[in-house]
Every structure is written in structure tokens, then in C-alpha cells.
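First comes the structure, then the notes that go with it.
Throughout, read-outs are computed from the coordinates displayed, never taken from laboratory work. All values derive from a computational prediction rather than experimental measurement. When we count neighbours, we look across all protein chains shown, and the Cβ atoms used for this are built from the backbone with ideal geometry, even at glycine.
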Amino acid sequence: MCNLYSLSKGQAAIREIASVWTDRTGNLAPQPAIFPDQSAPVIRMGDEGRELVMMRWGMPSPSFALKTRKTDPGVTNIRNVGSPHWRRWLAPEHRCLVPFTSFSEYRIEPDKSRTPVWFARGEDRPLTFFAGIWTRWTSVRKLKEGEVEADLYGFLTTEANATVGAIHPKAMPVILTEPEEWETWLTAPFDEARALQRPLPDGLIEIVAEGARKDPVAP
């Protein structure tokens, strides 16, 4: 499952490409490696239209997963949207777009070591979006932090296409590449929006780097 991605484009590019009306992120620096529970920019619908905000990566875990835990580090990837746990957050007001320029899956080597393999739309890492969901939630993410209220996000996964499946056959993130798809995901009833939970067609993504824990910035 995708637990590492990169965002090398600045907030001006995000605002322009996604027609963001309000930017609440402050001074946003590039993020060459985004890991679970870190904060990253997300686009959601606000009172005045699309707004860019910071959220923590990892949705609330199902209750069965927390029976023996004192903390909830969150769920980064979501597959089973038919689960009662996730159904409460499938309406448009809980859907979001997660900007990225590349994402990583691990290749298991013959000696059982793991090599990060980075995927993007092209060598120049064009800005693209995951289909995400978000919620405001109160929980203990880390013991030293205590109970906190935070805006949390995760993104959907689906069957892997041939490119990603060669490295990680179980799943890939749901990737939205067209403005019409972004609008549908943010505003349409879920019966319509759920059709977007499908693999990206083969040929629309490629391997752009291997081995690094951070994606090198494209020239």
C-alpha cells in the first residue's frame, strides 16, 4: 500500500491547476517525502469553493484495530468503501483531492530487502491528484502528544494497473488526472463518484526513480 509520496510543486501551481479559491496553507514548501501522520496540503470544498488546507495523513482506524492500542496512528489507504466505518465519510463534504507529483511502492528483493520505486505521470513529475476522504477527529495519535483534534485524510486504493502491479500487485492509489474527474469527486453523489475508484489506464504512469527515500526533484 502507498505509505510514501512526494509533492515537489508549489502552492501556486496547485491553486492554478485545480482552480483553488482559498489558500489556507501559509508558506508551503516542497515536500520530497511525505510519510504517514505528517501534514500535507489537501483540497476540499469550503463555503466559497475549493480551498487548500493542511491535514494529517491517516484517517481514524476502525474500532476493532484499536482494542489493544493506546494510540491511533491512522489509516492511510482505503479500499473497502462498503464498510460501515468508511461509509459515513463518503458524502461530498468529506471528499478531497490530495496533490502529489510522485508516489512510492516497495519492491521486495531476492534477499527480502525493500527498494523504494517511484511512480509519476512523467519524468517532469506533473502535478496530479489522489481521490481522498477527510474528517475532523479527536484521538490520541501519539502518547507524547496526548489527545488532539485534527483534520485527517486518507486516499482510496484500487486494483493495480500493469505498471504498478509489476512492483506492488495488490493495489494502487486512485489517481484523478482530468478537471472533470476532480469536480465529480468533490461534488457528485457517491453513486456517481464511486466509478472513479478504478486503476489508472496503463501507459499513463511510469517508473521515474528507484532506491531513494525521497523522490529527487526533476530537472
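A few remarks follow.
- Calculated from backbone phi, Karplus (6.51, -1.76, 1.60) coupling profile of the range 68-83 in Hz, x at Gly/Pro: 10, 10, 9, 10, 10, x, x, 10, 7, 10, 10, 10, 8, 6, x, 5
- Estimated FRET transfer efficiency (Ser19, Arg136; beta-carbon r; R0 22 Å; 0.05): 0.35
- Residues with amide H under 5 Å from that of Thr158, placed H, sequence gap 5 or more: Met172, Val174
- Total charge dipole magnitude, the range 57-126, about the Cα centre, Cβ charges on Lys, Arg, Asp, Glu only, Debye to nearest 20: 400 debye
- Shown for the range 5-210: lysine pairs separated by 8 or more places, or found on different chains, whose C-alpha atoms are under 19 Å apart, numbering 4.
- Shown in residue order for the range 146-152 are the 3J(HN,Hα) couplings computed by the Karplus curve 6.51 cos²θ - 1.76 cosθ + 1.60 at θ = phi - 60°: x, 6, 9, 9, 8, 7, 10 Hz (x for Gly and Pro).
- Dipole moment magnitude, nearest 20 debye, the range 1-83 about Cα centre, only Lys, Arg, Asp, Glu C-beta charged: 380 debye
- Student exercise, the chain dipole from Lys, Arg, Asp, Glu Cβ charges, in Debye to nearest 20: 980 debye
- Between Arg107 and Thr115, Val117, the built amide H atoms are under 5 Å apart, and every one of these is 5 or more places off in sequence or on another chain.
- Subtracting the Cα-Cα distance of Arg107 and Leu143 from 0.36 nm times their residue separation leaves 9.8 nm of extension gain.
- Whether the chain is rounded, prolate or oblate, judged on the alpha carbon gyration tensor where a/c under 1.5 counts as rounded: rounded
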